[in-house]
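J.: Okay, here's the structure, questions in a sec.
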Amino acid sequence: MAKIKDLPKHKRPREKLSEKGAENVSDAELLAILIRTGRAGKSALDIARETLKKYPLSKLLAVTKDELTGIKGLEDAKAITIKAALELGSRAVGSFNDSLPILDSVRGTVAQLADLRGKQKEYFVVLYLNARKQLIHKETISIGTLTETLVHPREVFEPAIRHITSSIILAHNHPSKNTEVSDEDIRLTEKLIQSGAILDIEVLDHIIITDDGYISFKEKGLLFK
């Protein structure tokens, strides 16, 4: 395979970007710029094409560093560079989306949970926020009975990783109209806070919705970190 330096100047990814702008450079060429160097028999552009064949652009954000280093020619340094570039791009996109609601108050958060009122079963919901505390995703993690909901950290934080989340807000409803925080509620919250700390994803609050009000762990000083 030809090396990138052997290509005509106008076909080399770096020179092409410099002359024509990033919008006129293909996905593989952009990735090749990050990869920089190839390996025996393969140019950086060849490796970029192999990478995108295995992990299309729509799936590349979710690919781990270890999965990238599984591709011959992508050692740790190159995989880290790719992950850093993807993360930076994702954050930049999120930071410019001013249409997303900002959840920087309990009242604003409760407004996003109004659909939990009147439910006959207990719903456990998580709100996923970006670095600006904008709501980027909302997911129902489990639906239980009137008295019990089964929640595991894996189900809570998998969407957080997938959506490049900086922090989360936990929420569930009390169909029984009970306005007290149970020991189970506290234990679950502590467990999820500890799990989030490992992933560097902060649990900002846990809100319990009742038919005529709400309970905020943050307001009650029940968030132990």
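J.: Distance between the C-alpha centers of segment 201-225 and segment 66-145? Whole Å please.
T.: So the separation of the two Cα centres works out to 19 Å.
J.: Among (i) 73, 33, 29; (ii) 54, 37, 31; (iii) 53, 42, 40, which one is Cα extents along the principal axes in Å computed from these coordinates?
T.: The listed entry that was calculated here is (i).
J.: Tell me the relative contact order for the chain as a rounded percent, counting alpha carbon contacts under 8 Å between residues six or more apart. Spell out each step's value before the answer.
T.: Numbers: 305 pairs, mean separation 29.3, N = 225.
Normalised by residue count, the contact order of the chain is 13 percent.
J.: Taking the Cα centre of the chain as origin, sum charge times position over the Cβ atoms of Lys and Arg (+1) and Asp and Glu (-1), and report the length of that vector in debye to the nearest 20. If you can, show how the numbers build up before the last one.
T.: On the way: 35 positive and 32 negative charges, 303 e Å.
Once rounded to the nearest 20, the dipole reads 1460 debye.
J.: So, one more: Can you show me the helix-derived [θ] at 222 nm for the chain, built from DSSP H runs with n ≥ 4 at -39,500 (n - 2.57) apiece and divided by the number of residues, rounded to the nearest 500.
T.: Details: 9 runs with 90 residues, N = 225.
For the chain, the value works out to -11500 deg cm²/dmol.
J.: Now for a different question. Assuming 0.36 nm per residue, please report the length gained on full extension of the stretch Leu199 to Glu50 beyond their Cα-Cα distance.
T.: Numbers: separation 149, 0.36 × 149 = 53.64 nm, distance 3.02 nm.
Going from the current span to full extension adds 50.6 nm.
J.: For Tyr128, Tyr55, what ranking results if the residue with the fewest other Cβ atoms within 10 Å of its Cβ goes first?
T.: Lowest to highest Cβ neighbour count: Tyr55, Tyr128.
J.: Once the dipole of the chain is set up with Lys and Arg at +1 and Asp and Glu at -1 on Cβ about the Cα centre, which of Ile201, Ile4, Val125 lies farthest towards its positive end?
T.: Ile4
J.: Using 16 Å as the cut-off for backbone N distance, which residues of segment 39-77 belong to the label zone defined by a point 7 Å from the Cα of Leu7 along Cα→Cβ?
T.: 39, 41-53
J.: Points 7 angstrom from Cα along the Cβ direction at Ser182 and Arg154: gap in nanometres?
T.: So the two model labels end up 2.3 nm from each other.
J.: I've got another one for you. Please compute the length gained on full extension between Thr64 and Asp212, using 0.36 nm multiplied by the number of residues separating them and subtracting their Cα-Cα distance. The partial results should precede the final answer.
T.: Working: separation 148, 0.36 × 148 = 53.28 nm, distance 4.40 nm.
Length gained, Thr64 through Asp212: 48.9 nm.
J.: Now a separate question. Determine Rg/Rh for segment 4-95; Rg is computed over alpha-carbon atoms and Rh is the Kirkwood hydrodynamic estimate from the same atoms. It would help to have the intermediate numbers written out before the result.
T.: Values: Rg = 13.0 Å, Rh = 13.6 Å.
When Rh is taken as the Kirkwood radius, the ratio is 0.96.
J.: Could you pull out the pairs from Lys133/Lys177; Lys177/Lys220; Lys177/Lys218 whose alpha carbons sit more than 25 Å apart here?
T.: Working: Lys133/Lys177 29 Å; Lys177/Lys220 18 Å; Lys177/Lys218 20 Å.
Exceeds cut-off: Lys133/Lys177.
J.: List the relative contact order of segment 74-192 as a percent without decimals, with contacts defined as Cα pairs under 8 Å and 6+ residues apart. Write down the numbers at each step before the final one.
T.: Details: 138 pairs, mean separation 29.6, N = 119.
Rounded, it is 25 percent for segment 74-192.
J.: Can you sort Leu45, Leu68 by how many other beta carbons sit within 10 Å, fewest first?
T.: Numbers: Leu45 24, Leu68 21.
Ordered by Cβ neighbours within 10 Å, fewest first: Leu68, Leu45.
No value in this document is a laboratory result; all are computed from the given coordinates. These numbers were taken from a predicted model, which means no experiment stands behind them. A quick note on method: Cβ atoms are made from the backbone with ideal geometry, for glycine too, and the neighbour counts reach across all protein chains shown.
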